[in-house]
1. Longest exposed-loop-site-free stretch of the chain, with chymotrypsin sites (Phe, Trp or Tyr not before Pro), DSSP loop and at most 16 other Cβ within 10 Å?
2. Given Gly246, Gln444, Ser584, which one lies farthest toward the positive end of the charge dipole of the chain, if we put +1 on the Cβ of every Lys and Arg and -1 on the Cβ of every Asp and Glu?
3. Taking the Cα atoms only, what angle lies between the long axis of helix 352-363 and the longest principal axis of the chain, rounded to 10 degrees?
4. Could you give the size of the charge dipole of segment 480-608 about its Cα centre, using +1 on the Cβ of each K and R and -1 on the Cβ of each D and E, expressed in debye and rounded to the nearest 20?
5. Charges at C-beta only: +1 for Lys and Arg, -1 for Asp and Glu. How large is the resulting dipole of segment 426-559 about its Cα centre, in Debye rounded to 20?
6. For segment 248-288, which GluC sites (Glu not before Pro) are both in a DSSP coil and crowded by at most 14 other Cβ atoms within 10 Å?
7. Suppose every Lys and Arg Cβ carries +1 and every Asp and Glu Cβ carries -1, with no other charges. What dipole size does the chain come out with about its Cα centre, to the nearest 20 debye?
8. Between rounded, prolate and oblate, where does segment 232-358 land on the alpha carbon gyration tensor, with a ≥ b ≥ c its root eigenvalues, rounded for a/c under 1.5, else prolate if a/b exceeds b/c?
Amino acid sequence: MCGIIGRVGSDNVVPYLLNGLECLEYRGYDSAGIAVHTENGISFCKTVGRLAGLREKTENEKTSGFVGIGHTRWATHGGPTETNAHPHFSHDRKFALVHNGIIENSNELAETELAGVSFNSETDTEKVVHLLTKYYNGNVVETISKVISLLKGSYALGILCTDYPNTIFSTAMASPMVVAQTQDGGFICSDAGAISAYSKEYYPVKNGEICVLNDSSISFFSPDGQPMEKQAVKIDVDELTTDKQGYEHYMMLEMLQQPTAIKKTIMPLIKDNKINLENVDITDDYIQNTLREVVIVACGSAYHAGVVGKQLIESMCKIRASAEIASEFRYVDPLIDEHTLAVFISQSGETADTLAALRLAKQKGAKILSIVNVSGSAIANESDNVIFTRAGREVAVATTKAYSAQLAVLYALTLRLAKGKNMLAEDVEKKMIHELASLPQKIQQTIDKNIEKAELYANKFAEATDIYYIGRRLDYAASLEASLKMKEISYIHSEAYAAGELKHGTLSLVDPGVPVVALAGDAEIFGKTYSNICEVLARGAHMLVVTNESNAELVSEFEDTFIVPDTLPQFNVSLQIVPLQLLSYYTAKKKGCDIDKPKNLAKSVTVE
């Protein structure tokens, strides 16, 4: 989850490295550093904290050169200190290296291959740079090939060698790395979006491949060091834009982009008023004669979307379904086989736990379908079938539009499975597809109607030390995501509970004045949820109720409410979550939190 950038050019590379790192800070911002080829060897500059400190330091030290690498860190092995910050150097200063990922056999390497070597840092990365020195024979490609054969885990590496002062070397394994060529050299980078201003195409560096970039060419080699050819991929500039468009935070921009993101996601999935999952190998015959269960695997917000999908698939398709946390899935020996449709959800397509779970499901013979937002990502590349969300680039660590787009894809998948299972009458199908297509407009109405309320209610929520969310069925699924949004950006302790479980322990946490958010959009069991609301009110809680327009009169007694447009109950989560995203945003803003880059978190979790 760290960010890497490298530049070979005809002018000072430092401004390019710093600007690139600024684009990559969503991947980590505990520390940052650069290394640059100079006449006197490889010089470096590191700092703890945000990029502004590195900018100031490079200006003071007048760091300059035509070839360099940079890194912004999310700490894993070792705390955020200047010593642990990248780049790392070999003792003879011949090699400098930046790394994203985790070397799982780091300790083993220290005891065997590197026995007797002293280490300056607490990082796993430093072991790699010392291996480069140990096995260096004058040919860097051969050396990298040897070193990566010893590594276990995930990595993307950017490497400088003093014997090749006009060259950057890179390699990757289960971690993102792209290379782009320009007229005077080129870039390596963790994210094509950070270099889209300089090139309109890039080369993805896939598992074990080695890239050599200099001022006149790009060369690629297989893991065993043999030359190879690669095809460039076009950069979709519209999908990778990082412009805040005048908003203070990316999160606000991305919340307001949700109607557009969902429209772009849904429209390719509907054709002639039918769900049309092009290039997805899920036929009626497969659904009726082979498919017995659906397992949805994801992490964080994507998992919360999966909880919605699980409930819908079981209720509408009458197919056994489950939602599993990816980091647990691979360690419980899941009972899946060729009769299982395994659905993996990831915004980045890089999520390490989800990717590992995908590989396990493949080994067990399941059909693999991924829902990702990034084409060419590791999860997309390793899946049998892919449905892309069209949310565009999401920069804020707290996901909003990508989560909403994931829900839209799960709705479409559910309708396809229900149709294939003969569980969807034609008139019902027509109504549901019409309502699905109407979601962008209704989300815009939800924003317009509730954004001022969210800012107002945030005044009360910002003073809280604890916040609780309650709901039943899909309302509970929505409450999981709402609670996560609140805790991750406002740092307020927040939990979501199934409303029916209140009396089994949770009520002991409700003190007078504590905010409780009740999601009560499920008309079929509204009365049950209302009873739970009364239980909480009897303990003196401050109540905020979220419901639909048709239930507005039923909650008119409450001072604080979010009212969302009516929709089919299956799609209600997409509307409920929007005002609660806004509430989290304004609560964090009232508290002065760093909304786009909350402490201890990073956008793409590429380590297990």
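1. Longest run free of exposed loop sites: 332-490.
2. The one lying farthest along the dipole's positive direction is Gln444.
3. In the chain, helix 352-363 runs at an angle near 80 degrees to the longest axis.
4. 600
5. Approximately 180 debye in magnitude.
6. Listed in order of number, the matching sites are Glu248, Glu278.
7. 280
8. prolate
The values are calculated or read from the model by the stated rules, or taken from the named source; none is laboratory data. Please read all numbers here as calculations on a predicted model, not as lab measurements. In this analysis, Cβ positions are derived from the backbone assuming ideal geometry, glycine residues included, and neighbour counts consider all displayed protein chains. When the accessible area is computed, the model is the full protein with side chains, heavy atoms only, and any ligands, DNA or RNA have been set aside. Shrake-Rupley method; radii C 1.70, N 1.55, O 1.52, S 1.80 Å.
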